[in-house]
Amino acid sequence: MIKITLPDGTVKEFQKGTTAHQIALSISEGLARNVLAAEINGEVWDSSRPIEADSTVKLLTWNDDAGKSTFWHSSAHLLAEALEALYPGTKFGIGPSIETGFYYDVDFGDREFSSDELPAIEKKMIELARTKSEYLRESISKADAEKYYIEKADEYKLDLLSGLDDGNITFYKQGNFTDLCRGPHIPHTGLIKAIKLTNVAGAYWRGDETKKQLTRIYGVSFPKQGELTEYLQMIEEAKKRDHRKLGKELELFAFSEKVGMGLPMWLPKGAALRQKLIDFLQKAQIKSGYEPVVTPHIGHKDLYVTSGHYEKYGADSFQPITTPQEGEEFLLKPMNCPHHCEIYKTKPRSYKDLPVRFAEFGTVYRYEQSGELHGLTRVRGFTQDDAHLFCRPDQVKDEFKKVIDLTLYVFKALGFDDYTAQISLRDPDNKEKYIGSDDNWKLAEQAIIEATAERGMKTVVETGEAAFYGPKLDFMVKDALGRKWQLGTIQVDYNLPERFELEYTGSDNTKHRPVMIHRAPFGSLERFVAVLIEHCGGNFPLWLAPEQFIILPVSEKYEEYAKKLLESINNSDICGLIDLRDEKVGRKIRDAEIKKIPYMLVIGEKEVESGQISVRKHGVGDIGTMSVEAFSEQLTKEITV
């Protein structure tokens, strides 16, 4: 017999070799029907895989992220089976689950593939799903696996096999399809009830532009047709809210091939929006004891060698800039933190001086692959709302909690109420990815765990997601459509202070090493603005709107009055404009609605004579007449953050 510990702490005894499915059956048949996979001692397994020793077991359903991931990975295998049936000779790369479904990279040979063929593939997938074929796991020797794919002439699977160790290789089979895969998978194809293939794109094998470009087919699947219907409705709404579309319509930002891919240009209205965000956070930072600093856009290569950034990212960054002086090389700044370390070193520090908090809206540059660029969410030049806190070890936890408070203040002001705090730790089995001693990593990770617990935060732990120099707390924010975005981040770092030999004089009059906290509530202005646009559909909070009101004279007779009115309302916090075009007022109202300007002030003979203004609100319509003073007071109240 073996002991199985369930998530609520219940311990049950089962025969050795029992499966998660059998455990679910012992609880209820309904649960057993819904189990997609199981987490066994922290590792996700097939629900049909025998459990041979005492274990902790969590049964996974569609309501669990790991359950969804297993469902979508199994759907990728179903897609591959349909492709092999419809297009004999197709070769297969990889077919993982992703956050919004799955994809499979395939090689159709010389055949031209069109997205018009997707409906026929969906139909075949549903046909195959209804056979309720089991996903069967089989351990196989490396030699036999290689023989299988040599016979199929599939160089992609052979390439994958070359990196695997004999004894750790598994195949999965469902129906007539067999794939190299470590799993896990759902019990059978019949659980997949609704499928939509969403997109076709190109993808270089292994992400290497020198290798063949494969066809990447994206899809999503659900256990119920109704869920697919809801998803497709959400996709349509997402298209309307796409920040690239709204950014163009609202004249916020633009890209130019002559300037360079992934290098955004902020247009006047976008620059105004950006500056309001900067002013908002700077004000909050100064109240919290931060000191603003400014550092160059480039730095000597040795700076990033010292920090470790060159070793970790140098090959994938913009290449060094050489100067006329032999051997002298600079890099476009990939991070602000090395520069802030050098600012810390500009003078001696005492334990009484700490914490020191440097803040900078610093623009950094990273060479992203062209295929990964996406509007403002993935760019090559972006501005981080960066700050670095240098503190004593006994101050780390309190400083970390204060940064949490500041980050949540930002989210609340901008309407991001649904978030999860993700504690990102080092992968203990892959330590070569990181710098620093085990002791420092343990201290840093413990500080984050304790600080979040003391703030009563709902957290999830992700092993292997830490930065190379330290663990972090990432804020995963859900937008109005329920999509997750990683925005704010806080990181504890014992390593850069060592690499830069940072010191302070302690109360014992000896030298000590400070601890560094990296933080960015926005993450980057570009990504944050993109998410904000899509979250609010371009209807920004009044205090953030680039133009908060527009005056609409009904004819040119009232233009001078409109100009005086604009002058009387505008101030340092309130900003508006006048539509002086020779257009009918109805057209002016429609255009102002399209531009999502919060308030429209219609001015005609009646308004001039009465001294009142007729006010319309975006998305609402006419809200009546009021005095100029009453309107100004209303705006002032609304823009108070």
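The values are calculated or read from the model by the stated rules, or taken from the named source; none is laboratory data. If you're wondering where the values come from, they're calculated on a predicted model, not measured in any experiment. Quick reminder, even Gly has a Cβ in these numbers, built from the backbone with ideal geometry, and neighbours come from all protein chains shown.
Answer with yes or no whether residue 102 is in the same structural domain as residue 180 (by TED's automatic domain parsing), farther than 23 Å from residue 45 by Cα and surrounded by 22 or more Cβ atoms within 10 Å (Cβ to Cβ).
no
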Which residue out of 100, 10, 18, 70 is within 30 Å of the chain's Cα centre (by Cα), more than 19 Å from residue 133 (Cβ to Cβ) and β-branched (Val, Ile, Thr)?
100
State yes or no: is residue 218 modelled with pLDDT of 95 or more, of a type in the set (Phe, Trp, Tyr) and either assigned by TED's automatic domain parsing to the domain that holds residue 80 or surrounded by 15 or more Cβ atoms within 10 Å (Cβ to Cβ) (or both)?
yes
Heads up, the strands (runs of 3 or more DSSP E) in the stretch 561-641 (entirely inside) with at least 2 residues that are closer than 29 Å to residue 277 by Cα and of a type in the set (Lys, Arg) are 612-617
Which of the helices (runs of 4 or more DSSP H) found entirely inside the stretch 111-192 contain at least 2 residues meeting this: within 28 Å of residue 227 (Cβ to Cβ)?
118-129
Just give me the residues in the stretch 489-506 being under 26 Å from residue 452 (Cα atoms), surrounded by 19 or more Cβ atoms within 10 Å (Cβ to Cβ) and in contact (Cβ under 8 Å) with a residue 40 or more places away in the chain, in sequence order.
490, 492, 493, 494, 495, 496, 497
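Of these, 570, 509, which one is surrounded by fewer than 18 Cβ atoms within 10 Å (Cβ to Cβ) and at pLDDT 95 or above?
Numbers: 570 fails: at pLDDT 95 or above.
Checking each option against the conditions leaves just 509.
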Scan 476, 516 and give me the residue that is of a type outside the set (S, T, N, Q), part of a strand (DSSP E or B) and buried (at least 18 other Cβ atoms within 10 Å of the Cβ).
516
Working only within the stretch 130-155, note down all residues that are surrounded by 15 or more Cβ atoms within 10 Å (Cβ to Cβ), modelled with pLDDT under 95 and either on the phi > 0 side of the Ramachandran plot or polar (S, T, N, Q) (or both).
none
Being in contact with a helix residue (DSSP H, G or I) (Cβ under 8 Å, 6 or more places away or on another chain), touching a residue at least 12 places away in the same chain (Cβ under 8 Å) and basic (Lys, Arg) narrows it down to one of 12, 68, so name that one.
12
Identify, from the list 525, 565, the residue that is out of contact with any Pro (no Cβ under 9 Å at 6 or more places or on another chain), touching a residue at least 60 places away in the same chain (Cβ under 8 Å) and assigned by TED's automatic domain parsing to the domain that holds residue 412.
525
Can you tell which of 541, 546 is outside any strand (DSSP E or B), out of contact with any Cys (no Cβ under 9 Å at 6 or more places or on another chain) and buried (at least 16 other Cβ atoms within 10 Å of the Cβ)?
541
Considering only residues that are of a type in the set (S, T, N, Q) and not in a strand (DSSP E or B), look in the stretch 341-375 and name the one that is nearest to residue 291 (Cα to Cα).
346
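Here's the yes/no breakdown for (1) closer than 23 Å to residue 448 by Cα; (2) crowded, with 21+ Cβ neighbours inside 10 Å:
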position	(1), (2)
353	no, no
399	yes, yes
408	yes, no
417	yes, no
422	yes, no
Filter the stretch 573-607 for residues that are of a type in the set (Val, Ile, Thr), within 39 Å of the chain's Cα centre (by Cα) and surrounded by 16 or more Cβ atoms within 10 Å (Cβ to Cβ); the one that is farthest from residue 639 (Cα to Cα) is 589
Across the stretch 168-198, which residue is surrounded by the fewest Cβ atoms within 10 Å (Cβ to Cβ) among those that are over 24 Å from residue 216 (Cα atoms) and in contact with a strand residue (DSSP E or B) (Cβ under 8 Å, 6 or more places away or on another chain)?
188
Do we have residue 576 as without any contact (Cβ under 8 Å) to a residue 40 or more places away in the chain and either within 30 Å of residue 241 (Cβ to Cβ) or not β-branched (Val, Ile, Thr) (or both) here?
yes
Test result for residue 400, under 25 Å from residue 241 (Cα atoms), of a type outside the set (S, T, N, Q) and either in contact (Cβ under 8 Å) with a residue 12 or more places away in the chain or in a strand (DSSP E or B) (or both)
no
Is it the case that the stretch 381-390 has a residue that's outside any strand (DSSP E or B), assigned by TED's automatic domain parsing to the domain that holds residue 477 and touching a residue at least 12 places away in the same chain (Cβ under 8 Å)?
no
When you check residue 104 against the structure, is it of a type outside the set (Gly, Ala, Ser), modelled with pLDDT of 95 or more, under 15 Å from residue 216 (Cβ atoms) and in contact with a helix residue (DSSP H, G or I) (Cβ under 8 Å, 6 or more places away or on another chain), yes or no?
yes
Considering only the stretch 161-179, state which residues are hydrophobic (A, V, I, L, M, F, W, C), within 17 Å of residue 90 (Cα to Cα) and under 32 Å from the mean Cα position of the chain (by Cα).
none
Confirm whether residue 211 is without any contact (Cβ under 8 Å) to a residue 24 or more places away in the chain and either closer than 14 Å to residue 74 by Cβ or touching a helix residue (DSSP H, G or I) at 6+ places or on another chain (Cβ under 9 Å) (or both).
yes
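Can you tell me which residue among 614, 610, 555, 627 is surrounded by 16 or more Cβ atoms within 10 Å (Cβ to Cβ) and of a type in the set (Ser, Thr, Tyr)?
614
With respect to residue 278, determine if the residue is more than 27 Å from the chain's Cα centre (by Cα), closer than 17 Å to residue 386 by Cβ and at pLDDT 90 or above. Lay out the reasoning, then the answer.
Details: more than 27 Å from the chain's Cα centre (by Cα): no; closer than 17 Å to residue 386 by Cβ: yes; at pLDDT 90 or above: yes.
Here the answer is no, as residue 278 does not meet what is asked.
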Restricting the first residue to the stretch 315-339 and requiring it to be free of Cβ contacts under 8 Å to residues at least 24 places away in the same chain, which pairs with a second residue that is among the small types (Gly, Ala, Ser) and in a helix (DSSP H, G or I) meet a Cβ separation below 9 Å and a spacing of at least six or different chains?
320/314
Might you check whether a residue that is assigned to a helix (DSSP H, G or I), under 26 Å from residue 332 (Cα atoms) and of a type in the set (Phe, Trp, Tyr) occurs anywhere in the stretch 297-304?
yes
